[in-house]
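Below is one structure; the comments refer to it alone.
The values are calculated or read from the model by the stated rules, or taken from the named source; none is laboratory data. Just so you know, these numbers come straight off a predicted model, no measurement behind them. FYI the Cβ positions are ideal-geometry reconstructions off the backbone, even for glycines, and counts take in every protein chain you see.
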Amino acid sequence: MPILKMKGIEPEQIRNISVSMVDELEKLLQCPREYFVIEHIPVVFIREGSIDKGYPIVEVSMFDRGMEAQDKIAGTITRYIKSQVDQTVDVYFTYLQRSNYYENGEHF
């Protein structure tokens, strides 16, 4: 149930890559398509007292699947975002614990 929280990239750019990127991530993670969530988070970057354009940052929240999978996920997301923007792309992972994750009031 990966959740991709994206900021520093326009919603239309995310929409352009969303289907193909989830196609690839679905195969990579062996995870049903309906488990994927992509969020666009509006953000204002401030640097040195001025508004700054910033760059794409993606937080991936999911259950730990090991470093090999993490590397492939980060590479896939980065490749798709770079197809839309010519900037640095940061991807970081937040791991959910099954004991702390509930769906409809039940542990996942």
For this session: Identify the single condition in (1) crowded, with 16+ Cβ neighbours inside 10 Å; (2) touching a helix residue (DSSP H, G or I) at 6+ places or on another chain (Cβ under 9 Å); (3) outside any strand (DSSP E or B) that residue 87 does not satisfy, given that it satisfies every other one.
Result: (1)
Exercise. Considering 51, 73, 46, which residue is of a type in the set (A, V, I, L, M) and surrounded by 12 or more Cβ atoms within 10 Å (Cβ to Cβ)?
Worked result: 73
For this session: Could you figure out which of (1) more than 24 Å from residue 1 (Cα to Cα); (2) surrounded by 12 or more Cβ atoms within 10 Å (Cβ to Cβ); (3) not aliphatic (A, V, I, L, M) isn't true of residue 78?
Result: (1)
For this session: State which residue pairs qualify: first residue more than 14 Å from residue 25 (Cβ to Cβ) and in a strand (DSSP E or B) and inside the stretch 53-64, second residue among the acidic types (Asp, Glu) and modelled with pLDDT of 95 or more in any location, beta carbons under 7 Å apart, and separation of 6 or more residues or different chains.
Result: 57/90
Exercise. Does residue 26 fit the bill of being within 17 Å of residue 92 (Cα to Cα), in contact with a Lys or Arg (Cβ under 9 Å, 6 or more places away or on another chain) and surrounded by 12 or more Cβ atoms within 10 Å (Cβ to Cβ)?
Worked result: no
Exercise. Of (1) among the aromatic types (Phe, Trp, Tyr); (2) surrounded by fewer than 15 Cβ atoms within 10 Å (Cβ to Cβ); (3) in a helix (DSSP H, G or I), residue 92 satisfies all except one. Which?
Worked result: (3)
Problem set entry | Number of the exception - residue 96 against (1) at pLDDT below 95; (2) out of contact with any strand residue (DSSP E or B) (no Cβ under 7 Å at 6 or more places or on another chain) | (2)
Exercise. Which condition number does residue 63 fail, the rest of (1) at pLDDT 95 or above; (2) under 22 Å from residue 100 (Cβ atoms) being met?
Worked result: (1)
